[in-house]
Structure formats: C-alpha cells, structure tokens
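The values are calculated or read from the model by the stated rules, or taken from the named source; none is laboratory data. Fair warning: this is a prediction, and the values are worked out from it, not measured in the lab. Please note: Cβ atoms are built from the backbone with ideal geometry, for glycine as well, and neighbour counts cover all protein chains shown.
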Amino acid sequence: MSSFALRLPDSLYAHAKELAQADQASLNQFITVAVAEKVSAMQTTAFFAERSKGAKPGDLAKFLARVPERKPIPGDELPSDALVSAAK
C-alpha cells in the first residue's frame, strides 16, 4: 500500500470529515472510496467509448427488433410521463 500526502482546502476537509463521520468511516477510508469511485467512473466511460467506436446508427434498432413484444415485469414499467414524451 502507498502513502500520499494530500493537501485539501479547509472547507473541503471539513465537509469530507463530516461525511466520513456520518458514514462511520475514517477520513482515510472515505477518501479512498471516493478516489476508487472516480477511477471506476473514468474507466467505465473509457470502456464504453471504446466499445461504441464501431457502432453504426442502425445497429441498436436491429438489436431491439429482436426483443419479443411482451408486458414488462411488475415494477419495471415506464412511468406514464415517459410514454408521453417518447411519443412526441
């Protein structure tokens, strides 16, 4: 494991410390998780950007056309306002 000296503005330090305490975690754990979440988000963005490079506009329509027409599982329905905006 590596050590790293981190300088934070006082206001950010105070907010992070407060949130760590509310989460019943040490400040070190809180910052470690925050960095891990950011790294994961950036890696996910890069992964999907790479995966989408070869996609063509009609690919999704072809894929969705293969999905059987059936009612959604209870609790998985679209909100009624989503149906209205999709029809526009």
Being of a type in the set (Phe, Trp, Tyr) and under 21 Å from the mean Cα position of the chain (by Cα): is that true of Phe48 here?
yes
Restricting the first residue to the stretch 20-43 and requiring it to be under 18 Å from Ser3 (Cβ atoms), which pairs with a second residue that is modelled with pLDDT of 95 or more and exposed (fewer than 13 other Cβ atoms within 10 Å of the Cβ) meet a Cβ separation below 7 Å and a spacing of at least six or different chains?
Phe30/Asp23
Looking across the stretch 50-61 at residues that are in a loop (DSSP other than H, G, I, E, B) and among the small types (Gly, Ala, Ser), the single one that is surrounded by the fewest Cβ atoms within 10 Å (Cβ to Cβ) is Gly54
Among residues of the stretch 62-88 being of a type in the set (Val, Ile, Thr) and in a loop (DSSP other than H, G, I, E, B), the residue modelled with the highest pLDDT is Ile73
Condition met for Leu8 (surrounded by 10 or more Cβ atoms within 10 Å (Cβ to Cβ), of a type in the set (A, V, I, L, M) and either under 24 Å from the mean Cα position of the chain (by Cα) or on the phi > 0 side of the Ramachandran plot (or both)):
no
